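The structure under discussion is supplied below as structure tokens; questions concerning it will follow.
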Amino acid sequence: MAATHAERLCPEAVFIPPDFTRYRAASRAVREIFLRHTDLIEPLSLDEAYLDVTENKTGLATATKVASTIRPQIREELKLTASAGVAPNKFLAKIASDWRKPNGLFVIQPAEVEEFLAPLPVGRIPGVGKVTEEKLAKLGLRLVGEIRARTLEELRTHFGRYGQRLYELARGIDENQVVPNRPTQSISAEDTFEQDVLLVETEPMIRRLAEKTWEASRKESRIARTVVLKLKTAEFQLLTRSQTPPSPPASCEELTRIALSLRSKVSLNPRQRFRLVGVGLSNFHVPEEITEPSLFP
């Protein structure tokens, strides 16, 4: 729930400001504990990561034993709780990790996969958002087990290439590997307004967020080609507008100018109010190496 929405529901609530410096330090400390067990770590966010412990440094016989060792280490050394999901692949591990939050361990054994998945709502499948969920419901598919009853051809007919993914995930099949040190896909900053505002009133926030995004992008050795503007309406509708200029933004001022220009691509009622705005950079590439011409042939 967004903080502004929570404040409307509970005006007397006390809101503690975030401390991302401290969060990042804790995240690094947790990662150091992970590294005692495996180098195959794929971070998802500050507080979530995939670990491949098929072959682990401590010689523990099962992934369950590894998870059962890591959780108390985090608790004893960092005074933090941690939930863990153990499963044959990333898709199932993600579901399992949510199963007993905020401080639990849940294991899905290979022989239990189909029985576990069958009664789950289709919304638990990655990529099934509101629109896809409604489309599945029109086909009478509300549970994962009901998707499993459909053929690959049927799912491809209705969902195109994503039909293949639905077919596989409904059967617990996910061949995606744990990829350590995954390159940054995007850099962004966003914020929620204290009160919903009109589009014309978003300029000060866009300027501040563009500065944050530009500063963060300076830590990258790669260059971003695409500028993204993200908006969320008072009714929680998410809108994104993007532009890939002929040459990448070369300064914070240029990034800000493009982000502000993207507002003109939002064709909604001028009285429409917005609750959130974000500015991002994506489509990263490695700059071509520039070499000095030789003085002699």
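Residues that are over 25 Å from Y167 (Cα atoms) and touching a strand residue (DSSP E or B) at 6+ places or on another chain (Cβ under 9 Å): find the helices (runs of 4 or more DSSP H) completely inside the range 28-141 holding 3 or more of those.
63-78
Looking only at the range 213-224, decide whether some residue is among the small types (G, A, S), in a helix (DSSP H, G or I), surrounded by 12 or more Cβ atoms within 10 Å (Cβ to Cβ) and modelled with pLDDT under 95.
Looking through the range 213-224, at least one residue is among the small types (G, A, S), in a helix (DSSP H, G or I), surrounded by 12 or more Cβ atoms within 10 Å (Cβ to Cβ) and modelled with pLDDT under 95.
Among (1) part of a strand (DSSP E or B); (2) at pLDDT 95 or above, where does T256 come up short?
(1)
Conditions tested, residue by residue: (1) surrounded by 12 or more Cβ atoms within 10 Å (Cβ to Cβ); (2) at pLDDT 95 or above; (3) touching a helix residue (DSSP H, G or I) at 6+ places or on another chain (Cβ under 6 Å).
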| position | (1), (2), (3) |
| --- | --- |
| P11 | no, no, no |
| F20 | no, no, no |
| R24 | no, no, no |
| R71 | yes, yes, no |
| A84 | yes, yes, yes |
| K94 | yes, no, no |
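A follow-up question, please. Taking the options L169, L255, L199, name whichever one is touching a Pro at 6+ places or on another chain (Cβ under 8 Å), closer than 30 Å to I95 by Cβ and either of a type outside the set (G, A, S) or touching a residue at least 60 places away in the same chain (Cβ under 8 Å) (or both).
One residue alone meets the criteria, L169.
Within the range 111-129, is there a residue that is over 28 Å from V53 (Cβ atoms), over 22 Å from the mean Cα position of the chain (by Cα) and of a type in the set (V, I, T)?
Looking through the range 111-129, none of the residues is over 28 Å from V53 (Cβ atoms), over 22 Å from the mean Cα position of the chain (by Cα) and of a type in the set (V, I, T).
Kindly establish whether G145 is of a type in the set (G, A, S) and not in a helix (DSSP H, G or I). Show your work before the answer.
Working: of a type in the set (G, A, S): yes; not in a helix (DSSP H, G or I): no.
No; evaluated as a whole, the condition is false for this residue.
The values are calculated or read from the model by the stated rules, or taken from the named source; none is laboratory data. Since this is a predicted model, take the numbers as computed values, not measurements. A quick note on method: Cβ atoms are made from the backbone with ideal geometry, for glycine too, and the neighbour counts reach across all protein chains shown.
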